[in-house]
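Structure first, commentary second.
Any read-out appearing in this document is the output of simple, stated calculations on the displayed coordinates, not a laboratory observation. The model shown is predicted, which means the values in this text are computed figures rather than measured ones. In this analysis, Cβ positions are derived from the backbone assuming ideal geometry, glycine residues included, and neighbour counts consider all displayed protein chains.
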Amino acid sequence: MPPPTPWQRWLPILHWSRQYRLDHFAADGVAAAVVTLMLIPQSLAYALLAGLPPEAGLYASMAPLVLYAVFGSSSTLAVGPAAVTSLMTAASVGAVATAGSAGHAEAAVVLALLSGALMVLMGVVKLGFVANFLSHPVVSGFVSASGLLIAASQLKHLLGVPLQGDTLWQLAQGLPVQLPRVHLATLAMGAGGLLALLWARRRLKPRLMAWGVTAHTADLATKAAPVAVLAASTALAWALDLAGGGLKVVGHVPQGLPTLTLPSASASTWALVQALWVPAVLISLVGFVESVSVGQSLAAKRRERIDPDAELRALGMSNLGAGLTGGFPVTGGFSRSVVNFDAGARTPAAGLYTAVGLALAALFLTPWLHHLPQATLAATIVVAVLTLVDPGAFGRTWRYAKADFTALLLTFALTLVAGVETGLVAGVGASVLLLLYRSSRPHIATVGQVPGTEHYRNVLRHRVVTQPHLLGLRVDESLYFANARHLEDHIAAEVARHPEVRHLVLQCSAVNDIDASAVESLEAINERLRDSGVTLHLSEVKGPVMDRLQRSEFLPRLSGQVFLTHHQAVQALSRH
């Protein structure tokens, strides 16, 4: 396939549609059928998690799929409601509107529109790198805590009690008070759904393969098992009229396609915008990181690539579509994308066909959802989100880096006890502080010559040859305002420890950038060394760094020379 033109990079559908073939149509159609079956109950469940009417989940799964197919760069990513973003939506919208009210649904729409607008803007100005501030330990701690929070938040649906709270502490405080009020039919339905789903996840695939079913088919059947569990529970609730006995069911789901939803241009809407823009930023970052991670891992399996900035624009348009059709924030979901990939989707057209399938379901199948138990939907959410919890990450991160473990633990703990927004903001802040701390104290090695070679290594790690009158220091970090003073202090300490030194060579092989503050520090170092009888030299300065230095007053004032290699510096200065 030829490389895309600039227009095709902005509208990838113009690129992949030119090579669309009949075999692509067949593969995409099969994948769409499988994903549609999975998305119908999943979209209802995530709407329940977000505290919204069930139809909002269906609406949030149609227009986003169409828009992503037009603007997205991944051939298999499936966009729609996801567990973590649904939880963040519930927490954000619940803080500004009463659950179940018209204002609650309007706030979710405003949140989706804000998230979409932010992501489109970030994609247009190529700000995809901003998501890099969400370090892996922070994301891991946040996702694990969110998984536990989501599971705990579904206890009210599994037990049939009015359990309230946005944090684990609040939920834990209310649970003992509500336990005597547990609704037995609800508990039985929820527990039965949990057991059936867990059995299907662990045992169904081996059982099917033992019966002669291929591994691929058995895997798809396992992923579609929640549909069978939901259908069985719905039939049971209808046959026994469990709703009449107090079992909460989905109830009436409006039949038909979503209509255009525009927030009113009023003072209340502007107040919502002011209250929700920070949650919109956080949801945008989390959604983008989750989506790009899934898209890149799936693209790598086919030796494809995705464009992060195009993904930002595509996700932004998808969220705008969700908001304009009565939905809530969406992202590229892991489970549905993997199912789409495993089912054989070849192009983003599979998302278009999935949207058609969901539209048909909204037109003709919603009456069948009336008796669907909320307890069974809660069970599907719990089973799905427990895979997000990664307890092994704590041990791995502790062994590798104690500072990263601190960020992970801080994010995990604050997300559980203070809420998703507080935990995420604290995690991002901890990541930035750790980055600044590490770069403000760069590793500076005293180097010597490996005997018989032109290589120079750390004197503390290798057997090397040094000379008493010459001190070689290697700075393993770019130089900027935060670490310039540390470099001054380190050089002053090393020169004081070696009074016989007459030449100091600063090896700059790892210095990729230098700012004005660092140049001023180099000028100060040069003057102080000159006053103490030591000549300052540089070696292995990279081109972009040399360009910066040539635009300053440092090089004309340098007491020594700039050498191409550190070995040349040692050879030249050894003759003095």
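Remarks
- For the stretch 444-574, the Kirkwood estimate of hydrodynamic radius, built from reciprocal distances between every pair of different alpha carbons, is 14.7 Å.
- Between residue 562 and residue 467, the simple spin-label model (points 7 angstrom out along Cα→Cβ) gives 2.2 nm.
- Ranking of 542, 156, 402 by count of other Cβ atoms within 10 Å, fewest first: 402, 542, 156
- Structure-derived semi-axes √(5λ) of the Cα gyration tensor in Å: which label, when the choices are (i) 56, 26, 23; (ii) 68, 45, 28; (iii) 39, 34, 22: (i)
- Sequence of 272, 14, 564 once ranked by neighbouring C-beta atoms within 10 Å, starting from the fewest: 564, 14, 272
- With the convex hull drawn around the C-alpha atoms of the stretch 299-428, the volume per residue stands at 190 Å³.
- Förster radius 25 Å - calculated FRET efficiency between residue 188 and residue 95 (Cβ-Cβ, nearest 0.05): 0.15
- Note on the chain: dipole from Cβ charges, positive end direction compared against 200, 233, 10; the farthest Cα belongs to 200.
- By other beta-carbon atoms within 10 Å, ranking 353, 400 with the fewest at the front produces 400, 353.
- The chain - percent relative contact order, Cα under 8 Å, separation 6 or more: 23
- Ordering 276, 113, 564 by Cα displacement along the dipole of the chain toward the positive end leaves 564 in first place; charges were set at the Cβ atoms of Lys, Arg (+1) and Asp, Glu (-1).
- Sequence-distant residues sharing a close amide H with residue 472 (under 5 Å, placed H): 447, 505
- Within straight-line cross-link reach of residue 248, lysines at Cα separation under 27 Å, skipping those fewer than 8 residues along the same chain: 156, 223
- Size of electric dipole in the chain: Cβ of Lys, Arg +1 and of Asp, Glu -1, about Cα centre, debye, nearest 20: 1260
- Whole-Å distance, taken between Cα centres, linking the stretch 518-576 and the stretch 397-428: 42
- For the stretch 183-247 versus the stretch 1-46, the gap between their alpha-carbon centres in whole angstrom: 29
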